[in-house]
Amino acid sequence: MEKALKKYFPVFVLPTLAAFIIGFVVPFGEGFYLSFCKFITVKNATWVGFSNYVKAFHDASFGHAFWFTVAFAVVSTILINVLAFMIALVLTREIKGTNIFRTVFFMPNLIGGIVLGYIWQILINSLLSKLAQPLLALNTTAGYWGLIVLMCWQQIGYMMIIYIAGLQNVPPELLEAAEIDGATSRQSLWKIKVPMVMPSITICLFLTITNSFKLFDQNLSLTGGEPAHASEMLALNIYNTFYGRSGAQWRGIGQAKAVIFFVLVVAIGLIQLRSTREKEVQQ
Amino acid sequence: MNAAKKRTPGLGWTIVLSVVSALYMYPIIMVLLNSFKVESAISTASTFQLPTAETFAGLSNYVNAIASKGFLQSLGYSLFITLSSVALILLCCSMCAWYITRVHNLLSRLMYLMCVFSMVVPFQMVMFTLSQTADQLKLNTPWNICIIYLGFGAGLAVFMFSGFMKSIPLEIEEAALIDGCSPIQTYFHVVFPILKPTMISVGILETMWVWNDYLLPTLVLNIKKYKTIPMLIQYFRGSFGRVEMGPMMACIILTVLPIIVVYLLGQKHIIKGVVAGAVKG
């Protein structure tokens, strides 16, 4: 089997491998290299060592974007997971219309970030004008909460589906046994259901944290970083460093920021995955 | 008695969730209502008012969006790019995944690790160099951007396919080989049909990604010549001077509506596919 197949390497692997090299390996390698260079295009790069990184760390807008992203990621991760878990708990009881509710809650997930951003921009601006508040373009607080509401709206349905799948796998015998032993519904929630769905919680936390950190489309369309870059998150900050500023040094700095961003996303993912895995129940 | 007791809280939840669902749908319904208003009646102050006899615009916003804002071209580009990319990803990545799960050598292991690695890399890390590479290789038109999508989407697809491939018993394929099938015949006659459920899952995930993707086509394609739907909607704010809200809302509805229809038709598969991607990723 292996021998026969081996000869067919050009047919089976080569197309994907070639595209993978063009679409990922080369850009990734070049990107890493260019973070140490000053450049306008890939061809005219000159080596400048770590100075891009030093400048990136001294760029106040990058620091601001970092803390804005952290504040956004923490609040949105908590809200999305708590709300999604609550809805999943309700929907796994036998309630009329479960399927319809599931359909409705999941739907925003399929709509693209740019479209979602504009839908909410219209809605939030109208609400703000009703309340006689400054509109999104001048209102950082509204921009922040707008992003959170938008993110919740988009992600709750997705996480809810994963939690429902987890809750349905909790063996009913366990819950029955607990009930016979006199456990209250709160006890069976915290002592049985939550520990049993720990794998789902791991996945959902991982997805929501990384999604929040990587958020770009929604940020671009809802607030565009307004006012004056105050609602800019990391991904948009990197994009603006590349394409929104004139001057030869900015591309190198943008690429250095992108490397820092990449390391950050990987690190957060790994730490989070490890810390929740430890709490999982052996089954 | 017991049954009656249980039914009452259930009904309460149904009512609560119905209200929440209505609120959940409201943003889309609001855009839908506003897309039927005349331009002068759309402002932040009047968004919440229903269209009246004077402000009702009929389908004129939709006609405008289709006739003069290039919605149909964008729809065509989006459709072509999505279909070609997803078809290419499904075919090439499933073949590649079969090879790397069945042939155990260094290259297979390396390829698998690289694929997993590529899934966690944020797009900003490669966006500039990727667009430059695409320009150099002339992969910057809607007709061949699918090669870029194959490269950048290979990670997830190969990962999901090989996860499933490991559970297919080797005996079936060996039997086909002994019966005289070449590996290519074995793949298309034996492996491909078994892969169908995974194909649907991966296909849905990749379709959602390519269809909604904004940044990659913006950086790779020439925006003056080719605009996909997300690019068109973003372009409304940037380049038509004053934002024409009416046609923009019509565009949003025209974009969202097909998604909702497809979703309602293939709901089971879509939810299953998306969750399979999450659980494995």
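For every residue, the table says whether it meets (1) crowded, with 18+ Cβ neighbours inside 10 Å; (2) at the interface with chain B (Cβ under 8 Å from one of its Cβ atoms).
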{"residue": "A:4", "(1), (2)": "no, yes"}
{"residue": "A:20", "(1), (2)": "yes, yes"}
{"residue": "A:24", "(1), (2)": "yes, yes"}
{"residue": "A:49", "(1), (2)": "no, no"}
{"residue": "A:52", "(1), (2)": "yes, no"}
{"residue": "A:68", "(1), (2)": "yes, no"}
{"residue": "A:107", "(1), (2)": "yes, yes"}
Considering residues of the stretch B:136-164 that are without any contact (Cβ under 8 Å) to a residue 12 or more places away in the chain and assigned to a helix (DSSP H, G or I) only, the residue nearest to residue A:26 (Cα to Cα): B:151
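Just checking, which of A:71, A:45, A:56 is touching a strand residue (DSSP E or B) at 6+ places or on another chain (Cβ under 6 Å), small (Gly, Ala, Ser) and farther than 27 Å from residue B:116 by Cβ?
Values: A:71 fails: touching a strand residue (DSSP E or B) at 6+ places or on another chain (Cβ under 6 Å); A:56 fails: touching a strand residue (DSSP E or B) at 6+ places or on another chain (Cβ under 6 Å).
Of the residues listed, the single one that is touching a strand residue (DSSP E or B) at 6+ places or on another chain (Cβ under 6 Å), small (Gly, Ala, Ser) and farther than 27 Å from residue B:116 by Cβ is A:45.
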Test: residue B:118 is farther than 23 Å from residue B:168 by Cα, buried (at least 21 other Cβ atoms within 10 Å of the Cβ), modelled with pLDDT under 90 and of a type in the set (Gly, Ala, Ser): yes
Wholly enclosed helices (runs of 4 or more DSSP H) of the stretch B:165-281 bearing at least 2 residues among the aliphatic types (A, V, I, L, M) and facing chain A (nearest Cβ under 10 Å): B:170-178, B:196-212, B:215-220, B:229-239, B:245-265, B:267-280
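Any residue in the stretch B:198-216 that is in contact with a helix residue (DSSP H, G or I) (Cβ under 8 Å, 6 or more places away or on another chain), assigned by TED's automatic domain parsing to the domain that holds residue B:143, over 19 Å from residue B:157 (Cβ atoms) and crowded, with 16+ Cβ neighbours inside 10 Å? Reasoning before the result, please.
Of the stretch B:198-216, the ones in contact with a helix residue (DSSP H, G or I) (Cβ under 8 Å, 6 or more places away or on another chain) are B:198-216.
Next cut, assigned by TED's automatic domain parsing to the domain that holds residue B:143 only: B:198-216.
Filter again for over 19 Å from residue B:157 (Cβ atoms), leaving B:214-215.
Right, trim to crowded, with 16+ Cβ neighbours inside 10 Å and you get B:214-215.
So far as the stretch B:198-216 goes, yes, one or more of its residues are in contact with a helix residue (DSSP H, G or I) (Cβ under 8 Å, 6 or more places away or on another chain), assigned by TED's automatic domain parsing to the domain that holds residue B:143, over 19 Å from residue B:157 (Cβ atoms) and crowded, with 16+ Cβ neighbours inside 10 Å.
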Identity of the residue in the stretch A:225-241, crowded, with 19+ Cβ neighbours inside 10 Å and either polar (S, T, N, Q) or free of Cβ contacts under 8 Å to residues at least 60 places away in the same chain (or both), that ends up farthest from the other protein chains (Cβ to nearest Cβ): A:231
Test: residue in the stretch A:81-88 that is within 9 Å of chain B (Cβ to nearest Cβ), crowded, with 17+ Cβ neighbours inside 10 Å and in contact with a Phe, Trp or Tyr (Cβ under 9 Å, 6 or more places away or on another chain): yes
Search result, residues across the stretch B:115-153 that are farther than 26 Å from residue A:251 by Cα and more than 7 Å from chain A (Cβ to nearest Cβ): B:115, B:116, B:142, B:143, B:144, B:146
Criterion violated by residue B:48 - all others in (1) surrounded by fewer than 18 Cβ atoms within 10 Å (Cβ to Cβ); (2) at pLDDT 80 or above satisfied: (2)
Residues being within 30 Å of residue B:166 (Cα to Cα) and either exposed (fewer than 15 other Cβ atoms within 10 Å of the Cβ) or within 12 Å of chain A (Cβ to nearest Cβ) (or both) - total across the stretch B:56-98: 15
Among (1) buried (at least 17 other Cβ atoms within 10 Å of the Cβ); (2) closer than 29 Å to residue B:270 by Cβ; (3) without any contact (Cβ under 8 Å) to a residue 24 or more places away in the chain; (4) among the small types (Gly, Ala, Ser) - the single one residue B:167 does not satisfy: (1)
Qualifying residue in the stretch B:243-256 (condition: β-branched (Val, Ile, Thr), outside the structural domain of residue B:37 (by TED's automatic domain parsing) and crowded, with 20+ Cβ neighbours inside 10 Å): no
Any hit, the stretch A:240-260, residues being more than 23 Å from residue A:57 (Cα to Cα) and over 21 Å from the mean Cα position of the chain (by Cα): no
Inter-residue pairs, beta-carbon under 9 Å, first under 30 Å from residue B:208 (Cα atoms) and facing chain B (nearest Cβ under 7 Å) and in the stretch A:114-132, second outside any helix (DSSP H, G or I) and modelled with pLDDT of 85 or more, 6+ apart: A:114/B:214; A:119/A:111
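The values are calculated or read from the model by the stated rules, or taken from the named source; none is laboratory data. If you're wondering where the values come from, they're calculated on a predicted model, not measured in any experiment. Glycine gets a Cβ as well: all are built from the backbone with ideal geometry, and neighbour counts include every protein chain shown.
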